[in-house]
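Following: one structure in structure tokens, then a few remarks.
The values are calculated or read from the model by the stated rules, or taken from the named source; none is laboratory data. Every value quoted in this text rests on a predicted model; they were computed, and no experiment measured them. We place every Cβ from the backbone using ideal geometry, glycine too, and count neighbours over all the protein chains shown.
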Amino acid sequence: MTSTNQNGFQFGLEAEFLLVDAISFRPLWHHDLTFKTLNATLEAIAVDDFRCDSFKVEPPHRKASPYVVEGYHLPARR
């Protein structure tokens, strides 16, 4: 969600989420969850109730959403 005041200043809100195993509550890491699985889960969350026209599609996502998986759009470094 982004808001603009009379001087043109814009700000947004960001939240971080920790993904955990449903049974053990062990934190999940990048090797535990593929982008395909995570992205499909996020795209399944209904966003129709959000009143925001500024959602952007950030590659490799295919659907405009308030949820973005950061890091997956960066090239792999070995």
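Does residue 50 meet the test of being under 20 Å from residue 70 (Cα atoms), out of contact with any Leu (no Cβ under 7 Å at 6 or more places or on another chain) and assigned to a loop (DSSP other than H, G, I, E, B)?
No.
Do we have any residue at all in the stretch 2-15 that's aromatic (Phe, Trp, Tyr), part of a loop (DSSP other than H, G, I, E, B) and at pLDDT 85 or above?
no
Say whether the condition of being modelled with pLDDT of 75 or more, out of contact with any strand residue (DSSP E or B) (no Cβ under 8 Å at 6 or more places or on another chain), outside any loop (DSSP other than H, G, I, E, B) and farther than 25 Å from residue 11 by Cα is met by at least one residue in the stretch 24-36.
yes
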